[in-house]
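Please read the structure below before turning to the comments.
Nothing in this text is a laboratory measurement; each read-out follows from the coordinates by a stated rule. The structure presented is a predicted model; accordingly, all values stated were derived computationally and were not measured. Ideal geometry is used to build each Cβ from the backbone, glycine not excepted, and the neighbour counts take in all protein chains shown.
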Amino acid sequence: MPNVLAVRLVVVSLSTARLAVVYVLWALLTPAVGFASGEVQAPPEATLPPVLPSELTTTLLRVKPAHSAVPSPEVPSPAVPSPAVPSPAVPSPAVPSPDVSSPDLQTLAQWLGNATLVGLGESSHGTDDYHRVLHRVFAHLVREEGFDVLALEISQAHATRLDDFVHGRRDDLDALLAERWWVAKVFYDEALRDLLLWMRSFVEAGGRPIHIAGFDFKQPSFAIAELAELLQALDAEAAAKVAALYATVDSLGGLGVFPNVSGFTAEATLDLSASETPRPVRFSVWVRGVGVEHGSVGLLVRGRGRQSGALNESHSLTPVDLTAEWTRLEVDIEVPADMTRMLVGFYHRANGSVWLDDLVVEVEGERVATEGKLQEVVPWPLMIPAAQRMDYELVTDRDVFRSSPSSVRVDCSAVVDKALAAVRAASTLLDDVLAASQLSSIEIAWAHQMARLVEQSVEWRTLVDNNRDVSLTANVTWLQREGYPGRRMLVFGHTSHIERIPGRMGGYLAAARGDDYVTISMLTLAGDYVYFGDPGTVAPNSALEAFVVDPEQHVGRLEHELAPLADGNPLLFHLAATADTVEGRQWLEFVRARSSGKPQRDTDVVVLLQRVNPLIPLASDR
């Protein structure tokens, strides 16, 4: 592990309703490096933004928590053994001294105000420095600000097992970490191990109960195992029935990985005559459906011109629109003059069967020959072949058609409907058992949530709800309302889930919670991280691959504009009262003007590191 270096860190504040502060923060684990030759270069003098007030500057500290490193487990295990699972001994390290002299974290805590839900986002998974920042921030929030719960972007069911370790109900930490689902290796690392050991030592030293939790659902096996154990103790017959239902769910396959959101998508090439000017083109096809209860079916048109760039248009029908009667789907677009070859196709991202017939293309009102195009379509391949399943089959139907000699039909596998029916039947049976039990309301709520995690996994896998963030939001909300009511919680995940992005978890939480949800985004200017490689070849036994942060990707974005303010040091940047000052507003306008239309981050605080390092894998993953 590299030595901790003392460095300066500038902290700038930028939002409405809080005092602007420029602060010096954090110490990096490695020397700062910049865009090209080892230093972050400021833009030319003529392009520098307005200078923020000098009185907003002070000094600061580090990234890595004090005494975060824990020695190898070679001392006797804690006094409370796990009655069920014999395991290797685990050390009980001393609780690190509170960072009472950490003005950086004290200032950060002031910026968080009284929010009961704080989101901390990492811009890349597989990054050690981000996980170390998480440890330091959470430890401070626990000791000084009354936070009790850390929710990670990991299986909510498996997190309950990790929480058993934190509270001394289990001692087999390394065995627990090794259980992790293969995709979660970007979270389960040495930094997480250190954090869990610190949490346990805090509880054992007489601190109040603090908890590790999860808010993801992708791998249902952990929740199924928890429910099986509970049901066996309550009603063995019901437990057997639920096990059989969940076996049907398991036969679906492809659970736990990013679902095949393209469903069945297929296209054929269509050549258009050259033109000197853009021309209006209408694409249409007739569609009918049987047994379609969720998802969508649509017409897809794509193209690319040398000067005009990419064109991508579609029009979809929902289950309400799809009946046994033929319905016409249309896409009207203006095709650029330089675009003479296009792709026209359709997609079935639902259950049931769908028929398509009579594809028509009209250029400026004149029909183009499209005979046989529907039969020529080429299906898209699976994005992750080793971990996904193709649930659809394309056939030519000579018995059901509208006007052509035959139509094309896409059938969704009956396994999809069987799995959905099974998971819902299992939840209903569980409800009946719980209603007749003597369990506490807390235990019942937990069991219902475990069943809901399995449902979420199946619904995501089958495209009943292909927006994962809807379920992530529901799980975070459950943790605060029922799992740990009244507790302050830090939620850690990718910035794409944490930031206030419409249609993402952060956007949903912000809309529901208002100022009670505050976000922190961790970014970097350079460095390395590890992640999964080519989706076409990745598999459960695949090793993580090394990736390099490309400084050029930051040009025009917030982190690029913050680089001069950082002056080669880590930066804590708060979107607070800067917008209330003249200089701050000028700076914001400067950044917007330089963004060239690139999306900017909607977050409250930015932790900008000069350089990051890849995560340190667990011993079981080396």
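Structure values in brief
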read-out: Estimated vicinal HN-Hα couplings, Hz - segment 289-296 in sequence order (Karplus 6.51, -1.76, 1.60; Gly, Pro = x); value: x, 9, x, 8, 10, 8, x, 8
read-out: Three-way shape call for segment 160-231 based on the alpha-carbon gyration tensor, with the a/c threshold at 1.5; value: oblate
read-out: Sorted peptide list for 213-223, 232-242, 271-281, criterion being average Cβ within 10 angstrom, highest first; value: 213-223, 232-242, 271-281
read-out: FRET efficiency, V363 to Q553 (Cβ-Cβ, R0 35 Å, nearest 0.05); value: 0.35
read-out: Separation in nanometres of the label points that stand 7 Å from Cα toward Cβ, at S284 and D516; value: 5.1
read-out: Computed over segment 479-622: relative contact order in percent, which uses C-alpha pairs under 8 Å that are six or more apart; value: 30
read-out: Net charge contributed by nearby residues that have their C-beta within less than 14 Å of L618 (K/R +1, D/E -1); value: -4
read-out: FRET efficiency, W326 to S413 (Cβ-Cβ, R0 22 Å, nearest 0.05); value: 0.35
read-out: Value of relative contact order over segment 142-223, rounded to a whole percent, pairs C-alpha under 8 Å and six or more apart; value: 56
read-out: Nonlocal amide H pairs with I501, under 5 Å, H built at 1.01 Å; value: G506, G507
read-out: Förster-model FRET efficiency, 35 Å R0, S251 and T318, C-beta, rounded to 0.05; value: 0.80
read-out: Amide H within-cut-off set for E122, under 5 Å, with H built and near neighbours excluded; value: G493, H494, T495, M522
read-out: Protection proxy ranking, peptides 283-291, 436-444, average beta carbon neighbours within 10 Å, highest first; value: 283-291, 436-444
read-out: Highest average packing first - 610-619, 127-136, Cβ atoms within 10 Å; value: 127-136, 610-619
read-out: Under 5 Å, built H, 5+ apart or other chain: amide partners of E293; value: N351
read-out: Cα→Cβ-extended label distance, 7 Å offset, between W380 and A539, nm; value: 2.5
read-out: Cα gyration tensor shape for segment 127-196, rounded if a/c is under 1.5, else prolate or oblate; value: oblate
read-out: In Hz, Karplus ³J(HN,Hα) per residue of segment 107-122 (6.51, -1.76, 1.60; θ = phi - 60°; x = Gly, Pro); value: 5, 4, 4, 4, 5, 6, x, 9, 4, 8, 10, 10, x, 10, x, 10
read-out: Under the Karplus curve 6.51 cos²θ - 1.76 cosθ + 1.60, θ = phi - 60°, whole-Hz ³J(HN,Hα) for segment 241-253, x wherever Gly or Pro sits; value: 5, 5, 4, 5, 5, 5, 5, 4, 4, 4, 5, 4, x
